[in-house]
1. Is one or more of the residues making up the range B:457-467 in contact (Cβ under 8 Å) with a residue 60 or more places away in the chain and surrounded by fewer than 22 Cβ atoms within 10 Å (Cβ to Cβ)?
2. Examine the range B:27-43 for a residue that is assigned by TED's automatic domain parsing to the domain that holds residue B:67, under 30 Å from residue B:143 (Cβ atoms) and in a loop (DSSP other than H, G, I, E, B), and state whether such a residue exists.
3. Is there a residue in the range B:187-207 that is more than 14 Å from chain A (Cβ to nearest Cβ), at pLDDT 95 or above and over 30 Å from residue B:317 (Cα atoms)?
4. Quick check, is residue B:770 touching a helix residue (DSSP H, G or I) at 6+ places or on another chain (Cβ under 9 Å) and farther than 19 Å from residue B:399 by Cβ?
5. Please list, ordered by first then second residue, the pairs with beta carbon atoms under 7 Å, 6 or more apart or interchain, first in the range B:485-508 and away from chain A (no Cβ under 14 Å), second within 16 Å of ligand 2 (Cβ to nearest atom) and part of a loop (DSSP other than H, G, I, E, B).
6. Name, by its number, the condition in (1) more than 16 Å from ligand 1 (Cβ to nearest atom); (2) over 19 Å from residue A:24 (Cβ atoms); (3) in contact with a helix residue (DSSP H, G or I) (Cβ under 6 Å, 6 or more places away or on another chain) that does not hold for residue A:112.
7. Listed residues A:42, A:36, A:61, A:7; which is more than 12 Å from chain B (Cβ to nearest Cβ) and assigned to a loop (DSSP other than H, G, I, E, B)?
8. Could you count how many residues in the range B:480-509 are away from ligand 2 (no atom under 16 Å from the Cβ), surrounded by 24 or more Cβ atoms within 10 Å (Cβ to Cβ) and assigned to a loop (DSSP other than H, G, I, E, B)?
Ligand code: FES
Ligand code: FES
């Protein structure tokens with residue numbers, strides 16, 4: 001057991017963790033921040049994506065002690081303190097970019113980071129950016145549409161129904 | 001005109017806010033004070049005799065509370081099967097036992113042998129390594145046809161063979177079908193495999209068992225699509241816990257696709273162990289565990305023959321299918337290749353004679369049960385592939401051949417025992433030709449060819465049967481459950497409403513769509529209505545959500561209950577307005593007396609019901625709460641036409657989906673945004689089956705595709721934007737909403753479209769390839785093109 005300290009969603013937190021404690025376990029089980037999900041055990045699904053020091057990271061691939069001193073943002077820290085959802089979150093609701101919601105935290109974290117780095121991505125760039133995030137419900141249509149809309153692009157022409 | 005609220009409006013989903021902000025409440029998010037964790041030691045061989053299990057060292061390991069084995073379940077029931085199929089000869093299917101923890105033998109990789117309960121998961125896992133197993137490996141049966149050979153190893157020693165049943169449907173048609181095929185002008189034959197899939201909802205299964213000694217009550221939190229079904233099966237058949245002492249909660253569930261319908265050993269185990277230990281016990285599946293313990297889907301091997309007369313009219317269909325049951329009968333497994341498959345073999349066509357034969361086979365693999373579509377994708381795939389092949393053999397246009405044989409008059413009684421109430425297959429095909437821009441295909445093909453690529457167009461139709469019913473009929477067919485659903489509408493004193501529904505939402509958006517219906521009926525705001533689901537202690541006994549039934553069945557119950565509310569509220573209003581009941585009208589949330597300006601608001605009536613000072617107490621009871629159970633008189637029959645356009649790289653065999661269009665007839669639509677989302681998701685899974693996904697065992701029964709490294713899930717780059725349309729609506733004639741169900745259509749309609757398109761692309765390159773089995777990986781496509 002060793003002590004780790006980090007900043008999660010602006011709050012200083014610490015805990016005693018075993019050397020093999022994963023960051024996602026620390027978040028979900030020690031901090032009881034259950035918004036970050038676990039969908040696989042081979043670092044493939046992206047349900048666990050959080051931001052660590054400004055980078056999108058699969059929190060199942062990182063040990064808690066490796067995050068010592070890090071600044072972390074999870075899905076719980078994306079909306080404004082008054083509860084207003086972010087542009088990406090709002091676009092996911094507006095465009096029905098989620099169904100069961102299980103992949104959604106990871107999708108929002110990945111998409112938020114994408115738009116920081118590439119504010120007006122093409123459809124192909126969005127799809128490519130999601131290669132590490134699996135969704136079983138949506139067929140990706142409305143996720144891609146929501147991210148393009150969040151970037152301010154006109155999505156009304158997409159596969160017009 | 002799109003509406004902005006009520007039936008037909010694309011109301012935004014209210015559940016999204018919690019999911020988007022990390023506030024969802026999934027089963028793994030639930031922790032009970034003092035809970036212990038269980039780790040299941042699972043078989044790593046496909047078939048073996050358990051000589052001994054020594055748990056003594058493991059029991060002494062740090063943190064271990066207790067180690068359980070099959071012997072601890074002496075006197076406890078096995079996992080029950082919910083459907084008994086009767087075979088061609090009038091005999092019941094072979095129904096082996098399914099112990100909670102293996103006893104005597106292990107029968108598939110992943111079969112649970114022992115369960116270690118410890119203070120932490122890590123401790124449980126470590127202790128499991130100290131269990132000493134003596135398992136004598138036996139020859140495994142994996143291939144279905146080999147499993148039926150004389151002398152094949154038997155999965156269940158007590159059964160006569162590995163044959164679960166040999167089913168014929170309709171047996172009385174057999175001779176006439178044989179005769180028609182013999183005399184046909186043309187017969188097209190196709191042998192194909194419907195590949196084994198793993199449903200893979202993104203949330204792995206979780207179960208938390210809790211026991212309250214004070215009132216002798218057990219609570220199971222579980223990732224289920226149908227909490228009451230689990231309560232009934234587990235309480236009555238496995239553990240013998242009376243239903244009033246057993247609560248089953250399925251909170252937010254991260255996708256189901258069928259695989260979370262069934263009652264699983266882990267649910268029974270945590271409930272059993274928490275009672276034994278007087279301590280909550282939690283189990284969370286890892287994804288690897290999910291691959292070897294979630295029921296799989298599909299896995300049919302089929303030969304289909306389509307007979308046509310000299311004018312290309314379909315005259316008969318004969319099929320022979322081997323359906324894999326896996327090692328045990330999962331909850332609804334026997335119904336999938338039979339009543340959910342054989343009854344759909346007419347498809348959209350007026351073929352007068354059909355005979356379906358299905359041999360269900362036990363193998364040393366994970367049990368196979370319903371996966372999105374369940375039997376109907378298998379029926380559609382073989383039918384739409386054989387029709388396409390027939391068109392190619394006869395040199396006729398595949399769309400024209402379909403149109404020529406479409407059913408055109410409704411109701412239509414098929415030769416496979418179902419009656420389609422309504423539909424218009426010409427309309428959906430017309431719509432498809434428009435939205436898929438078939439007119440522009442030749443130009444697009446030229447463009448592809450200019451780049452050295454091949455381009456193919458694949459078309460197919462589908463018919464679905466949703467909302468399986470009625471209960472008395474399915475009872476005759478072998479169902480051991482009713483198939484109604486229930487809703488309670490509880491109007492509160494101040495006029496807000498809680499609707500308790502038997503349906504369960506695990507992505508379908510019931511919390512948004514169901515209130516749209518009630519709001520429309522009462523003329524009040526959707527936000528005044530809340531849906532309660534997923535907790536057996538809060539909702540009426542309902543059957544849950546599968547088979548695209550929620551709105552057609554539970555929605556109908558909700559309508560009936562709301563009608564009762566309106567009736568009673570009108571009585572109260574007539575008293576308040578001193579008018580006769582027959583003159584009361586309800587509009588825009590107001591009760592008024594016809595032809596006058598006298599009215600009373602919704603909230604005044606509801607308040608009067610609970611504060612009955614000025615109230616006809618001698619005529620009616622106070623309160624405003626009604627329940628209805630609804631048992632449909634027939635299935636509903638959504639239908640549609642799908643089109644896929646692919647580009648194929650002849651150098652590598654790689655297929656890219658360029659365009660995908662779907663024209664569906666779902667009858668009336670409550671929330672078009674949600675309906676379109678359901679279709680998108682189904683198409684995504686269908687493309688996955690057609691191009692990527694394959695659950696593979698080697699000849700020893702080792703599961704080769706046991707993680708996302710080996711099982712190819714569709715990702716965002718594998719699929720295009722889809723064009724979907726549901727404007728061709730022929731409302732269902734027998735339920736009050738005229739709705740049909742839309743959850744499975746995409747997964748049913750898309751695989752044949754993709755395969756038909758790839759075959760078309762290959763043919764356009766001059767190679768006479770007539771069939772490739774799914775998934776159409778580059779390797780398979782390339783290899784087929786070399787022959
Ligand atoms: S849980 Fe981290 S990638 Fe799947
Ligand atoms: S919304 Fe269910 S997995 Fe993406």
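The values are calculated or read from the model by the stated rules, or taken from the named source; none is laboratory data. Because the structure is a prediction, the values reported are computed rather than measured. As a convention, Cβ positions derive from the backbone with ideal geometry for all residues, glycine included, and neighbour counts pool all protein chains shown.
1. Here is the first cut: in the range B:457-467, the residues in contact (Cβ under 8 Å) with a residue 60 or more places away in the chain are B:457-467.
Restricting the remaining residues to those that are surrounded by fewer than 22 Cβ atoms within 10 Å (Cβ to Cβ) gives none.
Looking for residues that are in contact (Cβ under 8 Å) with a residue 60 or more places away in the chain and surrounded by fewer than 22 Cβ atoms within 10 Å (Cβ to Cβ), one finds none in the range B:457-467, hence no.
2. Scanning the range B:27-43 turns up at least one residue that is assigned by TED's automatic domain parsing to the domain that holds residue B:67, under 30 Å from residue B:143 (Cβ atoms) and in a loop (DSSP other than H, G, I, E, B).
3. First pass over the range B:187-207, keeping only residues more than 14 Å from chain A (Cβ to nearest Cβ): B:187-196, B:207.
Narrowing further to those that are at pLDDT 95 or above: B:187-196, B:207.
In the following step, the residues that additionally are over 30 Å from residue B:317 (Cα atoms) were identified as B:207.
Checked against the condition, which is being more than 14 Å from chain A (Cβ to nearest Cβ), at pLDDT 95 or above and over 30 Å from residue B:317 (Cα atoms), the range B:187-207 yields at least one hit.
4. Taking the combined requirement at face value, the residue does not satisfy it.
5. Partner pairs satisfying both residue conditions: B:503/B:545.
6. That leaves (2) as the condition not met.
7. Values: A:42 fails: more than 12 Å from chain B (Cβ to nearest Cβ); A:36 fails: more than 12 Å from chain B (Cβ to nearest Cβ); A:7 fails: assigned to a loop (DSSP other than H, G, I, E, B).
That would be A:61, the only listed residue that is more than 12 Å from chain B (Cβ to nearest Cβ) and assigned to a loop (DSSP other than H, G, I, E, B).
8. Within the range B:480-509, residues that are away from ligand 2 (no atom under 16 Å from the Cβ), surrounded by 24 or more Cβ atoms within 10 Å (Cβ to Cβ) and assigned to a loop (DSSP other than H, G, I, E, B) number 2.
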